[in-house]
Amino acid sequence: MFQDGRRLRTEGFTVKATMKNSVVAGPPAAGAFRERPSRPTTFRKFYERGEFPMALEHNTKGNHIAWKVEIEKLDYHHYLPLFFDGLCETVHPYEFFARQGVHDMLEHGGSKIQPVIPQLIIPIKNALNTRNRQVICTTLKVLQHLVMSGDMVGEALVPYYRQILPILNIFKNMNISAGYAGFQTEQRARCSAAVASGARSVPGIRLPFCLLAEHTSITLTG
């Protein structure tokens, strides 16, 4: 409660709110877009122990991961969820190793990726729940790569949409222009028709993205 000139500003649903000279203050911000601090990740703990078979290598093209073993020989059930857990990281070198490690493993995973999908949902959900713009954008790029990494991977994600998509719906209207909104409406119509007809793809749009469009207003283009 505080005074503003001669009028008294007070919180709602109080006795003082009924006074003639009082002005009820609006409700506080809900904080839906406020960033949530992430807890120390398992990825960071494993990295600090030196349990990942990799090192940082510099060359004229920038930094990249020098793997000490062939990526195809890695245990995907063990390592891929750990790298996905590191998507919450925003500090170097953890952020770089987690992001690049995920892309490297998805690039070489092939048929090993689909059986690991259930283990990736909680790390993906945790990364999106941070509400950090940088982390969300990184996670969306990883989701796009994940869907394209192998056959039936996108379809394997469908049962978990209810866990992944709520956070995306909070941010779906940010930075959207009128021109893009028209394009989005047209693309969603094409996706709806494709899903209804049982088509596996639409020209320029992969089926998993169509399924995503059916469950949320966010459009991911392939």
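The values are calculated or read from the model by the stated rules, or taken from the named source; none is laboratory data. As the structure is a prediction and not an experimental result, all values here were calculated from the model. Cβ atoms come from the backbone with ideal geometry, glycine included; neighbour counts cover every protein chain shown. Calculation scope for accessible area: heavy atoms of the full protein, side chains included, ligands and nucleic acids excluded. Shrake-Rupley method; radii C 1.70, N 1.55, O 1.52, S 1.80 Å.
Things worth noting here:
- Shape call, the range 39-167: gyration tensor on alpha carbons, a/c limit 1.5: oblate
- Under 28 Å from K61, Cα to Cα: lysines that are on another chain or at least 8 residues apart: K73, K141
- Under 15 Å of direct C-alpha separation, and excluding same-chain neighbours fewer than eight residues apart, K125 reaches these aspartates and glutamates: E35, D85, E89.
- Take each peptide in 155-167, 16-28, count the other Cβ atoms within 10 Å of every residue, and average; sorted highest first, the result is 155-167, 16-28.
- Per residue accessible area in Å² of the range 39-167, where ligands, DNA and RNA are left out and the probe is 1.4 Å: 50 Å²
- Here's how it looks for V24: its modeled amide H is under 5 Å from those of T10, which are all 5 or more places away or on a different chain.
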